[in-house]
Amino acid sequence: MPITRLNHAVLYVRDLERTREFYQGVLGFQVLSQVPGVAMFFRAPASANDHDLGVFQIGASAGASTAGRSTVGLYHLGWEVDTLAELARLASLLSERGALVGASDHFTTKAVYARDPDGIELEVCWVVPVDRLNDDLVRSSRGRPAPLDLDREIERYGARTPSRSGSPAVGTGA
């Protein structure tokens, strides 16, 4: 049987409470369980998973990740939202927190990028509904992303248009 989706991710972090405040306070994740000073498990707001994110505390003296600069490793986690209105709300909140680091139009997905308190990058994206895809969008998604004009995309697709219309993703951004 083929793999159908990523069920959860696990990260090493410096401080559980600082991580909890970010993922719960900014992204709305729910804390499901924790072992104080050791680990915490979160569920995304609209998820039915047992957990979507596990974090293990390794202490304040832990060095920053050099993945992508001098070592291999994780580039980012990608979290999907249901509407462009939600993407805009989160982009604003991430910006207010000083966590927003970029935004890209991957043509079939619209994405903002941020760093959590440990500098781990995450993507929050909205996937163009399958019934709105065309050959030009799919072809463009295979090239370089463009700068994201969120206001223009909201005008084009509507602020409350559901992401991907419940269909499998096509050409999601990297």
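The values are calculated or read from the model by the stated rules, or taken from the named source; none is laboratory data. Nothing here was measured: the structure is a model prediction, and the numbers come from that model. Cβ: placed from backbone, ideal geometry, glycine included. Neighbour counts: every protein chain shown.
Structure notes:
- Checked against the criteria, LEU100 counts as in contact with a strand residue (DSSP E or B) (Cβ under 8 Å, 6 or more places away or on another chain), without any contact (Cβ under 8 Å) to a residue 24 or more places away in the chain, crowded, with 18+ Cβ neighbours inside 10 Å and more than 15 Å from ALA44 (Cβ to Cβ).
- Filtered residues of region 134-161 (kept if outside any helix (DSSP H, G or I), out of contact with any Gly (no Cβ under 7 Å at 6 or more places or on another chain) and either surrounded by 13 or more Cβ atoms within 10 Å (Cβ to Cβ) or at pLDDT 95 or above (or both)): PRO147, LEU148, ASP149, GLY158, ALA159, ARG160, THR161
- Of the criteria (1) modelled with pLDDT of 95 or more; (2) under 28 Å from GLY68 (Cα atoms); (3) assigned to a helix (DSSP H, G or I), which one ALA85 fails: (2)
- Restricting attention to region 103-131 and to residues that are in a strand (DSSP E or B) and among the β-branched types (Val, Ile, Thr), the residue that is nearest to SER47 (Cα to Cα) turns out to be VAL124.
- Residues that are in contact (Cβ under 8 Å) with a residue 24 or more places away in the chain and over 18 Å from VAL124 (Cα atoms) within region 1-45 comprise TYR12, VAL13, ARG14, ASP15, LEU16, ARG18, MET40, listed in sequence order.
- Test: residue in region 58-65 that is polar (S, T, N, Q), in a loop (DSSP other than H, G, I, E, B) and more than 23 Å from SER163 (Cβ to Cβ): yes
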